[in-house]
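Take a look at the structure below.
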Amino acid sequence: MTDDLILATMPSIPKYEVEEVLGVIYGSSTRTRGAGGRIISGLQSLTGGKGTAYAEEIEKARKEAIDDLKKEARKLEANGVLAIDFETAEILEGFILVTAYGTAVKLKIKN
């Protein structure tokens with residue numbers, strides 16, 4: 001399936017105009033590193049450098065949040081999501097919450 005949604009962190013898209021604003025939508029993902037990931041992260045924090053175990057989980061959560069955002073946009077029959085932003089938080093101990101939100105719109109090519 002080809003992706004027919006235009007996703008952007010900008011409030012507008014060159015060569016397109018907003019035909020209809022459908023509303024604010026969001027997608028989220030909650031992940032945990034698990035015991036192995038916490039051990040690796042602990043060792044990495046002792047030796048310094050990039051915390052790859054934690055970064056990998058955040059990246060997975062970000063992709064899942066975008067996938068959820070796309071599902072919500074398609075429910076509204078949007079062909080674009082503008083002004084996308086992310087929030088990341090740690091909830092409880094070791095759980096990562098990533099939320100992606102933006103404005104679902106119907107775009108059309110400018111004449």
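Any read-out appearing in this document is the output of simple, stated calculations on the displayed coordinates, not a laboratory observation. Everything numeric here is computed off the predicted structure, so don't read it as measured data. Don't worry about glycine lacking a Cβ; one is built from the backbone with ideal geometry, like all the others, and counts go over all protein chains shown.
In segment 67-111, what residues are among the hydroxyl-bearing types (S, T, Y) and buried (at least 16 other Cβ atoms within 10 Å of the Cβ)? Matches in segment 67-111: T99, Y101, T103. Taking every residue in segment 5-31 that is surrounded by 11 or more Cβ atoms within 10 Å (Cβ to Cβ) and pairing it with any residue that is of a type in the set (S, T, N, Q) and not in a strand (DSSP E or B), at least 6 positions away or on another chain, the pairs with Cβ-Cβ distances below 7 Å are L5/N79; I6/N79.
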